[in-house]
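Trainee: This structure is in structure tokens; I'll ask about it shortly.
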Amino acid sequence: MQATTTRPRITATADGEGVVSHAGSRLLADVADRTTLTAELSEALAGLRKPRARHDPGRVLVDMAVAVADGATTISDVAVLADQAALFGLVASDSTCWRLLDRLDTVHLSAVARARAAAREVVWAQRAELSGEPFPPARAAGRVLPGLVIDLDASIVVCHSEKEHAAPTFKKTSGTTRCWPSATTPASSSPPPFGAATPVATPPPITSPSWTPRSHNCPTSTGTAPRS
């Protein structure tokens with residue numbers, strides 16, 4: 001598999017002309033091309049390319065991956081690359097990306113995995129050609145660990161909710177009134193969740209000519225207050 005690219009050739013100058021942003025993302029696209037990932041994906045998904053189609057499926061997947069690495073959170077964010085044709089070349093629209101993703105079934109996903117594995121072998125072979133060893137050495141406790149070592153660094157993120165341990169609130173809906181226990185509720189009654197609520201008086205229902213009073217079932221001094 002030969003490494004090919006259809007992206008514009010770029011050169012770095014200091015004359016202040018042709019200034020572009022997201023230039024670092026272009027390096028990711030070049031890595032995909034140089035490691036044959038783009039070509040491998042194009043071959044694996046060749047059956048999905050329609051006659052006279054402008055966009056190659058493999059190239060579309062690479063562009064979406066570059067967009068995600070650049071900070072994209074939705075498919076439409078691929079427009080960040082499309083807006084800079086001088087840097088990234090012809091980039092598919094978000095609708096084209098959606099259509100491609102919709103057509104990827106289990107068979108095609110397996111082909112994509114094989115294409116990635118093939119490109120990964122090229123990467124390690126390229127490194128071995130330059131350094132003489134396929135994997136970078138990894139050391140732990142003063143000794144060299146054999147094989148490929150992947151070091152993952154994780155951080156614990158504590159999620160906080162402002163509503164945690166919040167006091168219950170009065171709720172009222174049309175025709176139904178929900179009440180919390182009053183100060184005269186026996187101590188043996190089950191308290192509402194998250195502690196006892198501040199006693200409040202039940203407001204009178206809002207009446208109208210067509211309104212029919214209903215039973216509110218509010219707690220009494222001898223009954224157990226229902227929970228909301």
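The values are calculated or read from the model by the stated rules, or taken from the named source; none is laboratory data. Since this is a predicted model, take the numbers as computed values, not measurements. Reconstructed Cβ throughout: ideal geometry from the backbone, glycine too, with neighbour counts over all protein chains shown.
Trainee: Could you list, in sequence order, the residues of the stretch 24-53 that are over 25 Å from residue 121 (Cα atoms) and out of contact with any helix residue (DSSP H, G or I) (no Cβ under 7 Å at 6 or more places or on another chain)?
Mentor: 50, 51, 52, 53
Trainee: I'd like the full set of residues that are of a type in the set (Val, Ile, Thr), assigned to a loop (DSSP other than H, G, I, E, B) and surrounded by fewer than 17 Cβ atoms within 10 Å (Cβ to Cβ), limited to the stretch 14-51.
Mentor: First pass over the stretch 14-51, keeping only residues of a type in the set (Val, Ile, Thr): 19-20, 31, 35-36, 38.
Pick out the ones that are also assigned to a loop (DSSP other than H, G, I, E, B) and you get 19-20, 35-36.
Once the filter is applied, which keeps residues that are of a type in the set (Val, Ile, Thr), assigned to a loop (DSSP other than H, G, I, E, B) and surrounded by fewer than 17 Cβ atoms within 10 Å (Cβ to Cβ), the stretch 14-51 yields 19, 20.
Trainee: Within the stretch 67-75, is there a residue that is of a type in the set (Asp, Glu), touching a helix residue (DSSP H, G or I) at 6+ places or on another chain (Cβ under 6 Å) and under 17 Å from residue 26 (Cβ atoms)?
Mentor: At the first step, the residues of the stretch 67-75 found to be of a type in the set (Asp, Glu) are 70.
After this cut, where a residue has to be touching a helix residue (DSSP H, G or I) at 6+ places or on another chain (Cβ under 6 Å) as well, the list is 70.
Right, trim to under 17 Å from residue 26 (Cβ atoms) and you get 70.
There is at least one residue in the stretch 67-75 that is of a type in the set (Asp, Glu), touching a helix residue (DSSP H, G or I) at 6+ places or on another chain (Cβ under 6 Å) and under 17 Å from residue 26 (Cβ atoms).
Trainee: Inspect the stretch 75-94 for any residue being farther than 27 Å from residue 128 by Cα, of a type outside the set (S, T, N, Q) and touching a Cys at 6+ places or on another chain (Cβ under 9 Å) and give the result as yes or no. Even if it seems obvious, please write down each step before you answer.
Mentor: Let us first name the residues in the stretch 75-94 that are farther than 27 Å from residue 128 by Cα, namely 75-94.
Cutting the leftovers down to of a type outside the set (S, T, N, Q) gives us 75, 77-83, 85-92, 94.
Within this subset, residues satisfying the condition of being touching a Cys at 6+ places or on another chain (Cβ under 9 Å) are 75, 78.
Yes, the stretch 75-94 contains a residue that is farther than 27 Å from residue 128 by Cα, of a type outside the set (S, T, N, Q) and touching a Cys at 6+ places or on another chain (Cβ under 9 Å).
Trainee: Additional query: Identify all residues within the stretch 104-156 that are within 24 Å of residue 42 (Cβ to Cβ), without any contact (Cβ under 8 Å) to a residue 40 or more places away in the chain and of a type in the set (Val, Ile, Thr); write none if there are none.
Mentor: Once the filter is applied, which keeps residues that are within 24 Å of residue 42 (Cβ to Cβ), without any contact (Cβ under 8 Å) to a residue 40 or more places away in the chain and of a type in the set (Val, Ile, Thr), the stretch 104-156 yields 106, 107.
Trainee: Looking at 110, 76 in this structure, which one is among the polar types (S, T, N, Q), over 21 Å from the mean Cα position of the chain (by Cα) and in a helix (DSSP H, G or I)? Lay out the reasoning, then the answer.
Mentor: Details: 76 fails: over 21 Å from the mean Cα position of the chain (by Cα).
110 is the lone residue from the list that is among the polar types (S, T, N, Q), over 21 Å from the mean Cα position of the chain (by Cα) and in a helix (DSSP H, G or I).
Trainee: A further question on this structure: Of the residues 54, 7, which is among the basic types (Lys, Arg), assigned to a loop (DSSP other than H, G, I, E, B) and exposed (fewer than 15 other Cβ atoms within 10 Å of the Cβ)? Don't jump to the end; show me each part of the working.
Mentor: On the way: 7 fails: exposed (fewer than 15 other Cβ atoms within 10 Å of the Cβ).
Going through 54, 7 in turn, the sole match is 54.
Matching residues to (1) under 28 Å from the mean Cα position of the chain (by Cα); (2) at pLDDT 90 or above:
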| residue | (1), (2) |
| --- | --- |
| 7 | yes, no |
| 11 | no, no |
| 14 | no, no |
| 20 | yes, no |
| 30 | yes, yes |
| 38 | yes, yes |
| 45 | yes, yes |
| 49 | yes, no |
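Trainee: Here is a further query. Among the listed residues 67, 92, identify the single one that is assigned to a loop (DSSP other than H, G, I, E, B), surrounded by 13 or more Cβ atoms within 10 Å (Cβ to Cβ) and either modelled with pLDDT of 90 or more or charged (D, E, K, R) (or both). If you could, list the steps in order and put the result at the bottom.
Mentor: Values: 67 fails: assigned to a loop (DSSP other than H, G, I, E, B).
Exactly one residue qualifies, and that residue is 92.
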